Each structure stands twice: as C-alpha cells, then as structure tokens.
Amino acid sequence: MMLSIAGIGLMQMQQIGVELEEIATETVPLTTNVSKVSLHQLEQAILLERLLRVGNVGSAGQTDSFDGLTDTLFRLAALVDEEILAAEEIAEKGIAIAHTEEQRAKYANVLAQLKTIEQEHKIYDDHIHTVVDHIKTGDLNKATRLAAEVEAEQARLNGELEELDDGAEQLCHHVR
C-alpha cells in the first residue's frame, strides 16, 4: 500500500516537474514577449500622434524634433517586428514540446495570431512610412487622410494584441 502511494506521488511530482519546465521555458517567455509587443505597439501609436502634431506645425525649429521622432518611430517598428518573430519562435517551440494535444492546439492558435499580427504590422509600418513621406513633401492633406486609416489599423492591431495577450495568459493558466 505504501509503495503504491509513493509510486503515485512520484509520478505526480514528475508530471508537475514537466509542467513547471514548460512554464519556465516556453509559456512565461511567450507571455513576456507578447506583452513587449503590445507595449511597443502602443508606444508606436503615441509617437505617431506626436509626429503628426509636429509635422503639422511645420516650423523650422520643429525639423530636428520631427526627424528624431521619425527615427525613434522607425526603430521601434523594427523592434516590434523582431519581438513578433521571437514570439513566433517560442510558440513553435511550445508546439514541439507540448505534452497534450490541447496545449499543442493552444500554442498553434497563438502562433497563428502572431503570424496575422506580423503581416498587419508590416502593412501598418508601410503606411506610417508613407505618412512620413507625405509630411516631408508637404502634402499634409494626403498625410492626414492616410493617418486616419493608420489609426484604424492601430485600433485593430491593439485589439488583436489584447486578444493574443489573453490567449497567452490562458495558456499559462492551463499549464499550471
């Protein structure tokens, strides 16, 4: 009887160890990375708003500010792209090491969401570059019209990132 209890206890402890390892190696880094993507995407949105305001002022003293904001915005966009790719790698690794079909399906869902966000973020970045080009050439009407589209893209991306964050968080809770 005691050996049975000890054997069951040992098996349960091993399963807990496997689950803790998955949390430590995949789930926590994935949720951390998704949070970084969300944060940096919001920073991009704020920088774009500042850029549009500075670009509309058009005074000579604002040129350095505009160029600095543009550089920061583009660097941040590249960082978001890198973070999305890193999160995709983590999700792919999670699929490979998941211990149940349910976990594998959840990682696959997160990966699919990340792939969608990756594509939409590239379109968003392209539109930001176009807005900046219009501001630089003085075509504020085109910049303003496209900026309205970019704001809609921002809202959509933010919603998808929130949904992704919730999915990654649920994955973490499920593994526990």
Which one of the conditions (1) basic (Lys, Arg); (2) in contact with a helix residue (DSSP H, G or I) (Cβ under 8 Å, 6 or more places away or on another chain); (3) free of Cβ contacts under 8 Å to residues at least 60 places away in the same chain does LYS106 fail to meet, given that it meets all the rest?
(3)
Take ILE135 and tell me if it is assigned to a helix (DSSP H, G or I), over 12 Å from the mean Cα position of the chain (by Cα) and surrounded by fewer than 19 Cβ atoms within 10 Å (Cβ to Cβ).
no
Could you tell me which numbered condition ILE123 fails, if it satisfies all but one of (1) of a type in the set (A, V, I, L, M, F, W, C); (2) in contact with a Leu (Cβ under 9 Å, 6 or more places away or on another chain); (3) farther than 16 Å from VAL28 by Cβ; (4) touching a residue at least 24 places away in the same chain (Cβ under 8 Å)?
(2)
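Taking region 52-76 as the region of interest, how many residues are modelled with pLDDT of 85 or more and either over 26 Å from the mean Cα position of the chain (by Cα) or hydroxyl-bearing (Ser, Thr, Tyr) (or both)? Reasoning before the result, please.
Step one: of region 52-76, the residues modelled with pLDDT of 85 or more are 65-76.
Then drop every residue that is not either over 26 Å from the mean Cα position of the chain (by Cα) or hydroxyl-bearing (Ser, Thr, Tyr) (or both), which leaves 65, 70, 72.
Residues flagged as modelled with pLDDT of 85 or more and either over 26 Å from the mean Cα position of the chain (by Cα) or hydroxyl-bearing (Ser, Thr, Tyr) (or both) within region 52-76 amount to 3.
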Specify which of the listed residues (ASP81, ASP67) is assigned to a helix (DSSP H, G or I), under 27 Å from LYS136 (Cα atoms) and without any contact (Cβ under 8 Å) to a residue 24 or more places away in the chain.
ASP67
Would region 114-126 turn up any residue that is more than 16 Å from the chain's Cα centre (by Cα) and in a helix (DSSP H, G or I)?
yes
Top-ranked residue of region 141-167 - restricted to ones that are surrounded by fewer than 16 Cβ atoms within 10 Å (Cβ to Cβ) and hydrophobic (A, V, I, L, M, F, W, C), ranked as farthest from ILE117 (Cα to Cα)
ALA148
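The values are calculated or read from the model by the stated rules, or taken from the named source; none is laboratory data. Please read all numbers here as calculations on a predicted model, not as lab measurements. Here Cβ is always computed from backbone atoms with ideal geometry, including for glycine, and neighbour counts include all displayed protein chains.
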